[in-house]
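The block underneath contains the structure these notes are about, expressed in structure tokens.
The values are calculated or read from the model by the stated rules, or taken from the named source; none is laboratory data. Values in this document were obtained by computation on a predicted structure and should not be read as measured data. Quick reminder, even Gly has a Cβ in these numbers, built from the backbone with ideal geometry, and neighbours come from all protein chains shown.
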């Protein structure tokens, strides 16, 4: 092995194909009910899009679109959240749009909530408006930042001279 006369051996050839995983995966993706998890020691800067369940325990600076979204107690999220169901146990700074929104007693939300159904435990902290949603939200609607407000010049009219809401 370490003799002077031996030449360094060449690396073995790469396999033509990689072995397939034996884990059951449907054609539509992973098994339902198994969430993708952003752990407490992870910070993500950028948008997240998922057709499944997503659990955030770390920090995210960006918009999130998911079928079901859980914001854990240790999580801090800055961005627009769009999902069919949103459960908030941690901190969210930004708009929440969902068919069903659940705020636990440890939830801290700074932003508007647009919902069909809202459950809010005693102790939850909300700074923002609540609006009832007419049509159901699906995961095909990406999260977009809320439109910028028209700056007022103190007369009740916007910069263009038109009435602003």
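Here are some notes:
- Among the residues making up the stretch 119-138, those that are surrounded by fewer than 17 Cβ atoms within 10 Å (Cβ to Cβ) and closer than 15 Å to residue 68 by Cα are 136, 138.
- Checked against the criterion of being at pLDDT 55 or above and under 19 Å from residue 137 (Cα atoms), the stretch 10-24 contains not a single residue that satisfies it.
Rundown of residues vs (1) within 22 Å of residue 134 (Cα to Cα); (2) under 15 Å from the mean Cα position of the chain (by Cα), yes/no style:
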site: 50; (1), (2): no, yes
site: 73; (1), (2): no, yes
site: 83; (1), (2): yes, yes
site: 103; (1), (2): yes, no
site: 117; (1), (2): yes, no
